[in-house]
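The structure appears below as structure tokens.
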Amino acid sequence: MDDTGFNPIMAEARVNQPIVQLEDVAKTYGGAVALARVDLTVHAGEFFTLLGPSGSGKTTTLRLIAGFERPDKGKILLDGQDVATLPPFERAVNTVFQDYALFPHLTLVENVAYGLRAKKVPKPEAHAEAEKALAAVQLANFAGRKPAQLSGGQRQRVALARAMVNRPRVLLLDEPLGALDLKLRHQMQQELKRLQTETGITFIYVTHDQDEALSMSDRIAVFSQGKIEQVGTAFDLYERPASAFVADFVGNSNILGTTLLRPEKLHLVPHAHAVPEGYEKRHGIVREAVYLGAVTRTIVALEDGGTMQVMEANIVPVHGALRFVPGDSVTVAWPRSACAVIGGEYNKGEQ
Amino acid sequence: MSLSRAFSALGWRRPGMANTALLGLPALWFSGLYLAAIGALLVTSFWTVDDLSGNLIPGFSLVNFQQLFSGPVYIRIALRTIGIAAAVTITDVILAWPVAYAMIRLAGPRLRAVMMAAVMVPLWSSYLARVYAWRLILSHNGLLNWALMEIGLPRVHIGYSNWAMWIVFSYLWLPFMILPVAASVERIPPSLLEASADLGMRGFATFRRVVLPMALPGMVAGAIFTFSLTLGDYVTPMLVGGVGSDFIGNVVYSNVGVTNNIPFAAAYAVLPLGVMAVFLLIARKLGAFDAL
């Protein structure tokens, strides 16, 4: 064990060895389909994210892995063993809950030692380990307090320490940062990523926030209506989405037929201005222009119908007036290499 | 501007005035009726009665309390009252838990409503009717012994005894335990039970380490009901207790009505107040009021 209180798994374990596998898993709640049919493989040591809108099945998938729900059919393999019928207390996974689920009647050290006590670790040792785990999340001085005396961010860290102190094979995180403000959320994203890298524990992370998913994950599964639309790296999802849903849900998109154009890859030039060799273009009229600090978002109503969204970095300071304002005639231009084909065979990625 | 709007506006500008108006009536009721009555009870307990005329003699005398603690009779009655109140409370805790837990955690919305109604319906019928019904059930030739004989078991002789009082009180006050326990179980977020299982605790360990401590305030609230309601009762002992099973309340009743020794009745009535005070102190020690 190192001085963070967590036991790092050896790096050799991270050679694409499956740790969690879902095979043909389905789940309905009283007729309502939560998961239609899901096949999924998570590798040991991965930061794996389940991304999707609410009701897409991502949380159900997490709860199935944790053991809070039983699948209607299919296998859930943990380290190759089917655990679909095992109760949560017999699975070597731990969960960080969305509402943290800290025990309000117990002190922080008792909360963190809870899982060790369940494993019959004697109290003095369990508390000593719990205190180390609290120190690892910068809460060493709070061991004797109750959860009600903490801020949201502190509670979040206790929930993390409480789960990780058990050195689970897999850590399940159910939108753990949803209740935090933006600054704190960004800080915790880095913190989580750091902990995951240091400990080598497999993280399965549920979120509806695509920025969060892109910034933290080794791989991401995009869920929609109880099915997985695509599994891949952040690059795969953003640059080569497998479906229009993924293209639209992950980032902003302009979709022309089966062609995807990301707004930041487009340029705006005055109307009928010459464009370089190898560029495509469309003419239109600016309908909306919004200054967002780092970028300016311009919506252009195209001559041949439809609209396009353009994001331009504000490389030079903007003083008072934007380059284009509503009513201006403009040309939208992009290099052909910026086009991606939605759902091209090469996009499917590995499932 | 209408009068009610004028008042609302005044209350908004002067929140202190609004609070005074809202709290005034309960405060008046509490101090005027409740505290004054207890004060009168305490004061009267130190008075005496003129043996010949039967007139009350105000003053400060400990003679009533001396009489209470001098002989074994009043002590035995007090111990019987407190003992049965404690037994009823423990019985109701044991009976209420499975009902409350099933109602909140296991039953669907429809079954829960049915169970809730089943718990409450007895409270709509007369207390006396229910106690008389039990008298008929438990008497020597009653329903219980008839049923025992029908299935070939020997009769039991629990009518008009402490056993009968224990059973009837436990039945009477059970809803007052089920409802607060159910309310406190309902307030436990389901995610806490999932977290406990997730961290490796089995069902019963989760119950002992999470559900029970978190529902303690509800249990104590129920215990305050069952304990104090039993402590103050004198009708059930009269109807199902039979000879030699007097409660404190029966002694108070006979001293007010028959013997006309109101100061002695007052002194004996102070005793349950003291017992309840001790009860509440223990409950606080257990942390039952930490959440308030």
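Read-outs: derived from the displayed coordinates by stated rules, not from any lab. What you see is a predicted model; the values in this text were computed from it and never measured. As a convention, Cβ positions derive from the backbone with ideal geometry for all residues, glycine included, and neighbour counts pool all protein chains shown.
How high is the FRET efficiency from B:PHE65 to B:ARG155, r the C-beta distance, R0 41 Å, rounded to 0.05?
Plugging the Cβ-Cβ distance into 1/(1 + (r/R0)^6) gives 0.40.
What is the spin-label model distance, in nm, from B:ALA27 to A:ASN314 if the labels are put 7 Å beyond Cα along the C-beta direction?
With each label placed 7 Å out from Cα toward Cβ, I get 5.7 nm.
Going by alpha carbons, how many degrees (0 to 90, nearest 10) lie between the helix axis of A:152-164 and the longest principal axis of chain A?
So the helix axis and the longest Cα principal axis differ by about 60 degrees.
What is the average number of partner chain Cβ atoms found within 10 Å of a Cβ in A:97-104?
Mean shielding by partner chains, rounded to a whole number: 5.
Show the residues, 5+ positions off or on another chain, whose built amide H is closer than 5 Å to the amide H of A:VAL165.
none
Taking only the Cα atoms of the range A:122-241, how large is their convex hull per residue, in Å³?
Values: hull volume 15.5 nm³, N = 120.
It is 129 Å³ per residue.
Modelling each spin label as a point 7 Å along the Cα-to-Cβ direction, I'd like the A:LEU182/B:GLU186 distance in nm, to one decimal.
The two pseudo-label positions are separated by 4.0 nm.
Using θ = phi - 60° and the Karplus relation 6.51 cos²θ - 1.76 cosθ + 1.60, list the HN-Hα couplings for the range A:115-121 in order, rounded to whole Hz, with x at every Gly or Pro.
Values per residue, Gly and Pro as x: x, 5, 4, 5, 8, 6, 5 Hz.
Select from A:PRO168, A:LEU182, A:GLN196 the residue farthest towards the positive end of the dipole of the range A:136-198; place +1 on Cβ of Lys and Arg, -1 on Cβ of Asp and Glu, and compute about the Cα centre.
A:PRO168
Give me the mean projected area, in nm² to one decimal, of the convex hull enclosing the Cα positions of the range B:43-153. All intermediate terms of the calculation are to be shown ahead of the outcome.
On the way: hull surface 54.5 nm².
Across all orientations, the range B:43-153 yields a mean hull projection of 13.6 nm².
Provide a whole-number value for the mean count of partner chain Cβ atoms within 10 Å of the Cβ atoms in peptide B:210-216.
That works out to 2 on average.
Taking the Cα centre of chain A as origin and charging only Cβ (+1 Lys, Arg; -1 Asp, Glu), how large is the dipole, in debye to the nearest 20?
On the way: 37 positive and 40 negative charges, 170 e Å.
So the dipole magnitude of chain A works out to roughly 820 debye.
Taking the Cα of B:TYR34, stepping 7 Å toward and past its beta carbon, and measuring to each backbone N in the range B:270-288: which are under 20 Å?
B:270-284, B:288
Give me the distance in nm between label points sitting 7 Å out from Cα along the Cα-to-Cβ direction at A:VAL269 and B:LEU148, one decimal.
In this crude spin-label approximation the distance works out to 10.5 nm.
If you count the DSSP beta bridges with both ends in chain A, what percent of them are antiparallel, to the nearest 5?
Around 75 percent antiparallel, to the nearest 5.
Give a residue-ordered list of calculated ³J(HN,Hα) values for the range A:196-205 (Karplus: 6.51 cos²θ - 1.76 cosθ + 1.60, θ = phi - 60°; whole Hz; x for Gly, Pro).
5, 5, 5, 8, x, 6, 5, 9, 10, 10
Could you derive backbone 3J(HN,Hα) for the range B:17-31 from the dihedral phi with the Karplus parameters 6.51, -1.76 and 1.60 (θ = phi - 60°), listing whole Hz in sequence and x where the residue is Gly or Pro?
For the range B:17-31, the Karplus-derived couplings read 5, 4, 5, 4, 4, 6, 8, x, 5, x, 5, 5, 4, 5, 6 Hz, x marking Gly and Pro.
Let me know the charge dipole size of the range B:99-253 about its Cα centre in debye, to the nearest 20, where only the beta-carbon of Lys, Arg (+1) and Asp, Glu (-1) is charged.
With only Lys, Arg, Asp and Glu charged at Cβ, the dipole is about 280 debye.
Could you give the dipole magnitude of the protein assembly as shown about its Cα centre, charging the beta-carbon of Lys and Arg +1 and that of Asp and Glu -1, in debye to the nearest 20?
Values: 54 positive and 50 negative charges, 278 e Å.
Once rounded to the nearest 20, the dipole reads 1340 debye.
Please list, in chain and number order, the residues 5+ apart from A:GLN230 or on another chain whose amide H is under 5 Å from its amide H, with Hs placed from the backbone.
Under 5 Å from the amide H of A:GLN230: A:VAL222.
Set the Förster distance to 25 Å, then compute FRET efficiency between A:ARG70 and A:LYS123 from the Cβ-Cβ distance, nearest 0.05.
That gives a FRET efficiency of 0.15.
For chain A, what does -39500 (n - 2.57) per DSSP helix run (n ≥ 4), summed and divided by total residues, give at 222 nm, in deg cm²/dmol to the nearest 500? Don't skip to the answer; put the middle values down first.
Details: 8 runs with 84 residues, N = 351.
Here the helix-only value at 222 nm equals -7000 deg cm²/dmol.
Amide H neighbours of A:PHE203 under 5 Å, counting only residues 5+ apart in sequence or on other chains, H built in-plane at 1.01 Å?
Those qualifying (amide H under 5 Å, at least 5 residues apart or on another chain) are A:GLU46, A:PHE47, A:PHE48, A:LEU171.
Would you please give the FRET efficiency between A:ALA148 and B:LEU273, computed as 1/(1 + (r/R0)^6) with r the Cβ-Cβ distance and R0 = 30 Å, to the nearest 0.05? Could the numbers behind the result be given before it?
Working: r = 34 Å, r/R0 = 1.13.
After rounding, the FRET efficiency stands at 0.30.
Need one value for B:41-54: mean number of C-beta atoms belonging to other chains within 10 Å of its residues' C-beta atoms.
Working: counts 0, 0, 0, 0, 0, 0, 0, 0, 0, 0, 0, 0, 0, 0.
If you average over the peptide's residues, the count of other-chain Cβ atoms is 0.
Looking at this model, which pairs from A:LYS27/A:LYS58; A:LYS193/A:LYS265; A:LYS227/A:LYS265; A:LYS183/A:LYS265 are more than 23 angstrom apart at the alpha-carbon?
A:LYS193/A:LYS265; A:LYS227/A:LYS265; A:LYS183/A:LYS265
For the range A:246-320, with the dipole built from +1 on Lys and Arg beta-carbon atoms and -1 on Asp and Glu ones, taken about the Cα centre, which of A:THR259, A:GLY305, A:ALA289 lies farthest toward the positive end?
It is A:ALA289.
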